[in-house]
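The values are calculated or read from the model by the stated rules, or taken from the named source; none is laboratory data. Bear in mind that the values here come from a model prediction, so they are computed numbers and not experimental data. Neighbour counts are summed over all protein chains in view; Cβ atoms, including those assigned to glycine, are modelled from backbone coordinates with ideal geometry. Surface areas here come from the heavy atoms of the whole protein model, side chains and all, with no ligands, DNA or RNA. Shrake-Rupley method; radii C 1.70, N 1.55, O 1.52, S 1.80 Å.
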Amino acid sequence: MSVFHRFANPNRFLKLTNQVLPWVSGLTVLSLAAGLYMSFFTSPPDYQQGESVRIMYIHVPSAWMAMFVYTSIAIASVCSLIWRHPLADLAAKASAPIGAGFTFLALATGSLWGKPMWGAWWVWDARLTSVLILFFLYLGHMALMHAFEEQERGNKAAAVLAIVGFVNIPIIKFSVDWWNTLHQPASVMRADGPSIDPSMLWPLLIMGVAFKLFYIVVLLIRIKSELIEAKLRKYRRAVVDKAH
Amino acid sequence: MKAFLNIVSRDLHLAFRQKSDLTMAVLFFILTAMLFPFGLGPEPNLLARIAPGIIWVTALLAVLLSLERLFLADYEDGSLEQLILSSTSLEVAVLAKVFAHWLTTGLPLILAAPLIALLFNMDSDAMTILLIAMILGTPSLSLIGAIAATLTLGARRGGVLIPLLVLPLYIPTLIFGVGAIDAAMNSLEAGAVIANARPHLLLLGAILLVSLLITPLAGAAALRQSVE
Amino acid sequence: MGSSLFQGEDLTCIRGGRTVFLGLNFNLAQGQALILEGPNGSGKSSLIRMLSGLVRPKLGKLVWQDQDATREPEIFQRHIHYIGHRNAIKPVLTVLENLAYWSGKKKDDPSLDDALDHFRMLPLKHTPANLLSSGQSRRLTLSRLLASERSVWLLDEPSVGLDVASVALLEDVIKTHRSKGGAIIFATHSPINVENPNKLNLQDYSPLYNKKLLAVENEEDSWI
């Protein structure tokens with residue numbers, strides 16, 4: 001515990017964050033600009049789906065991030081419960097709304113894509129249902145985190161929930177293989193290599209990287225603001241204590 | 001094992017001394033299910049077709065209603081602290097309390113289910129599968145629900161929070177519970193009933209095994225946190 | 001004095017983002033009585049809960065009979081009785097059923113009757129606990145101390161709701177326990193007389209009262 005404190009001191013963390021943040025932000029803007037340009041202009045329309053295939057460049061990275069962020073939260077939760085380091089709690093707390101946002105984006109863009117493809121805004125197939133469950137898991141995680149007078153207890157309870165809810169992640173991943181779903185199976189993350197044409201794969205991958213960088217930027221900013229808030233609380237308390 | 005039975009018998013004892021608790025869930029189950037014929041009309045074929053879904057959804061809500069009580073009394077009167085300090089392993093204690101909860105909530109629901117199935121005009125094959133599915137599925141409802149019940153101890157608005165945490169996790173049980181009965185009802189030959197329902201029942205069994213594994217660990221961790 | 005039973009070194013407790021006490025040491029030997037003193041909010045209950053293993057110390061060490069038990073409170077938990085503010089009594093069960101459950105003994109075990117008798121609860125043996133007065137409930141809770149043998153008693157305001165005669169019963173029981181080599185730590189606002197007690201004033205370890213500690217606390221960077 002004390003060893004951890006020495007290594008991961010909040011001030012040192014803040015300093016490091018301030019150094020890294022401009023670089024990551026710059027990379028995010030660049031990759032996002034490149035990715036968007038490629039997905040809108042250089043990549044070809046699909047021979048079946050036409051222009052609406054471009055929704056993919058937002059939809060697929062969002063869905064990746066929905067699972068990636070949840071997995072990060074689950075890992076942070078394990079760290080929080082075993083080593084009890086506050087940074088793990090902060091990371092989980094800061095990640096949850098971002099992950100919920102990505103999940104919502106995946107569901108919304110999926111719905112927009114589904115309307116022209118399947119003729120319905122929503123179908124109850126395994127992939128969609130399990131992602132919807134993921135969205136509710138995020139909401140439950142956030143609600144539980146803020147449900148207690150004592151923040152520490154909220155953090156730990158949410159950590160247990162995050163770990164329990166992790167069983168959903170493999171279900172989402174493999175739902176398209178295990179069940180006959182309307183949703184198409186994976187075409188990038190496959191054991192035998194991607195089955196999608198490079199002209200579409202490249203913009204998709206760049207968008208994937210851009211989304212990941214975006215997550216890191218927002219995560220760092222959110223952790224930073226939490227730390228600053230904690231400092232404020234402490235100064236306020238010191239004032240009260242002096243008056244005591 | 002002795003500690004397990006001790007806790008089960010104590011919780012049953014407590015439940016039988018407070019009979020209203022015992023009947024609440026099952027009464028809710030029957031009354032809510034009875035509302036549907038009024039809302040949808042008494043057409044027998046329609047009722048038979050939607051019966052599996054209605055029975056499962058109402059059973060799920062009945063279990064949900066009973067979850068808050070599962071650990072709350074022990075938490076409030078200090079019994080939970082004593083339980084943690086006692087030599088009984090907390091994981092075993094969680095399992096015992098969940099088992100007692102199932103005996104007083106899940107089991108009565110299973111016993112009442114054939115009654116509702118009759119009112120909804122279900123045939124006997126489907127009813128058999130319904131019972132098997134409920135025997136496999138209701139323990140999972142208690143187990144998964146217990147995690148939410150332990151996590152929300154001491155929370156503001158714990159009662160509102162439990163449905164938010166638990167309902168998403170109940171969806172797989174609901175899907176395969178209804179799926180098993182639907183498969184049975186859709187099979188044309190008499191011999192194919194079990195075979196058609198089998199994959200769904202196996203998945204219900206898998207959910208039960210996974211929750212049997214996760215609940216004691218997560219529940220015990222949450223209980224320890226709740227008194228800290 | 002007997003040999004060391006239970007020790008705490010450099011214990012620190014943080015609740016709700018603020019330090020309750022810091023750098024606290026104690027040593028409990030066989031036969032000793034340690035009284036925790038300090039005003040409300042100085043952390044007496046928190047310390048007792050920490051010593052019962054319910055709350056983990058943020059920093060510091062708990063040693064049970066020369067064995068480091070900070071990370072495994074199970075080592076000492078089976079040797080302690082913790083009595084907190086709440087009585088852990090089920091109102092629908094009888095006095096005897098309540099006692100039997102927590103002692104892990106059968107209802108016809110004679111030691112249960114003895115325990116109840118000590119606290120003058122034997123006549124109420126078959127009364128449902130919801131009919132008990134608050135003083136009687138407390139006496140039922142205290143009779144748990146006698147129903148099963150544990151070497152260290154941690155009592156948080158044990159005499160709340162007790163009349164003078166019942167406090168005398170408690171003092172009596174404490175005396176017998178110490179003479180048999182047991183030890184006791186308690187916090188109380190109403191006087192409980194015990195022979196040559198050791199005292200620990202939590203004010204000395206609380207940053208709220210000890211301004212020197214406040215400076216230490218503020219220097220340290222915290223995450224929360």
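Miscellaneous remarks
- Cβ separations smaller than 6 Å between residues 6+ apart or across chains give the following pairs from region C:67-96 residues that are at the interface with another protein chain (Cβ under 8 Å from one of its Cβ atoms) to residues that are open to solvent by 80 Å² or more (accessible area, probe 1.4 Å) and in a loop (DSSP other than H, G, I, E, B): C:78/B:87.
- Residue A:12 vs. criteria basic (Lys, Arg) and more than 12 Å from every other protein chain (Cβ to nearest Cβ): no
- Test result for residue C:43, touching a Cys at 6+ places or on another chain (Cβ under 8 Å) and either more than 14 Å from chain B (Cβ to nearest Cβ) or among the charged types (D, E, K, R) (or both): yes
- The number of residues in region A:169-182 that are under 19 Å from residue A:63 (Cα atoms) and free of Cβ contacts under 8 Å to residues at least 40 places away in the same chain comes to 3.
- Some residue of region A:118-128 being out of contact with any Ser or Thr (no Cβ under 8 Å at 6 or more places or on another chain) and closer than 28 Å to residue A:221 by Cβ: no
- Given (1) open to solvent by less than 20 Å² (accessible area, probe 1.4 Å); (2) more than 30 Å from residue B:151 (Cβ to Cβ); (3) among the aromatic types (Phe, Trp, Tyr), number of the condition residue B:71 does not satisfy: (2)
- Matching residues in region C:14-51 - criterion: being open to solvent by 40 Å² or more (accessible area, probe 1.4 Å), at pLDDT 90 or above and part of a strand (DSSP E or B): C:25, C:27, C:37
- Candidates A:228, A:216, A:223, filtered to the one that is open to solvent by 40 Å² or more (accessible area, probe 1.4 Å), at pLDDT 90 or above and either at negative phi or in contact with a helix residue (DSSP H, G or I) (Cβ under 6 Å, 6 or more places away or on another chain) (or both): A:216
- Qualifying residue in region A:65-87 (condition: in a helix (DSSP H, G or I) and closer than 16 Å to residue A:205 by Cβ): yes
- Selected residue (criterion: farthest from the chain's Cα centre (by Cα)) from residues of region A:78-106 that are crowded, with 20+ Cβ neighbours inside 10 Å and farther than 29 Å from residue B:219 by Cα: A:106
- Index of the failed condition, residue C:55 passing every other in (1) part of a strand (DSSP E or B); (2) under 20 Å from residue B:228 (Cβ atoms): (1)
- Top-ranked residue of region C:52-79 - restricted to ones that are under 17 Å from the mean Cα position of the chain (by Cα) and open to solvent by 60 Å² or more (accessible area, probe 1.4 Å), ranked as nearest to residue B:222 (Cα to Cα): C:56
- Among (1) within 14 Å of chain B (Cβ to nearest Cβ); (2) in contact (Cβ under 8 Å) with a residue 24 or more places away in the chain - the single one residue A:211 does not satisfy: (1)
- There is at least one residue in region B:163-176 that is more than 30 Å from residue B:45 (Cα to Cα), within 13 Å of chain A (Cβ to nearest Cβ) and touching a residue at least 60 places away in the same chain (Cβ under 8 Å).
- Residues in region A:166-200 that are within 14 Å of chain B (Cβ to nearest Cβ), over 28 Å from residue A:92 (Cβ atoms) and open to solvent by less than 60 Å² (accessible area, probe 1.4 Å): A:181 only.
- The set of residues from region A:35-54 being modelled with pLDDT of 90 or more and open to solvent by 40 Å² or more (accessible area, probe 1.4 Å) comprises A:36, A:37, A:38.
- Residue in region C:188-197 that is surrounded by 12 or more Cβ atoms within 10 Å (Cβ to Cβ) and not in a loop (DSSP other than H, G, I, E, B) present: no
- Only a single item in (1) at negative phi; (2) within 13 Å of chain C (Cβ to nearest Cβ) is not met by residue B:48, and it is number (2).
Listed here are the residues, each with its yes/no results for (1) open to solvent by less than 10 Å² (accessible area, probe 1.4 Å); (2) aromatic (Phe, Trp, Tyr); (3) within 18 Å of the chain's Cα centre (by Cα); (4) more than 19 Å from residue C:35 (Cα to Cα).
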| position | (1), (2), (3), (4) |
| --- | --- |
| C:132 | no, no, no, yes |
| C:137 | no, no, yes, yes |
| C:143 | yes, no, yes, yes |
| C:164 | no, no, no, yes |
| C:171 | no, no, yes, no |
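- Qualifying residue in region B:207-223 (condition: surrounded by fewer than 19 Cβ atoms within 10 Å (Cβ to Cβ) and more than 30 Å from residue A:77 (Cβ to Cβ)): no
- Single residue of B:57, B:94 found to be open to solvent by 30 Å² or more (accessible area, probe 1.4 Å) and in a helix (DSSP H, G or I): B:57
- Among the residues making up region B:147-177, those that are at negative phi and open to solvent by 30 Å² or more (accessible area, probe 1.4 Å) are B:156, B:159, B:160, B:163, B:164, B:167, B:169, B:171, B:172, B:174, B:175.
- Out of B:223, B:136, B:201, one residue alone is among the aliphatic types (A, V, I, L, M), under 30 Å from residue C:51 (Cα atoms) and more than 9 Å from every other protein chain (Cβ to nearest Cβ). It is B:223.
- Tallying residues that are open to solvent by less than 20 Å² (accessible area, probe 1.4 Å), within 30 Å of residue B:223 (Cβ to Cβ) and out of contact with any His (no Cβ under 9 Å at 6 or more places or on another chain) within region B:117-142 yields 5.
- Taken over region C:7-21, the criterion of being more than 23 Å from residue C:197 (Cα to Cα) and not basic (Lys, Arg) is satisfied by C:12, C:13, C:14, C:16, C:17, C:19, C:20.
- Among the residues making up region A:140-155, those that are within 7 Å of another protein chain (Cβ to nearest Cβ) and either closer than 18 Å to residue A:63 by Cβ or small (Gly, Ala, Ser) (or both) are A:140, A:143, A:147.
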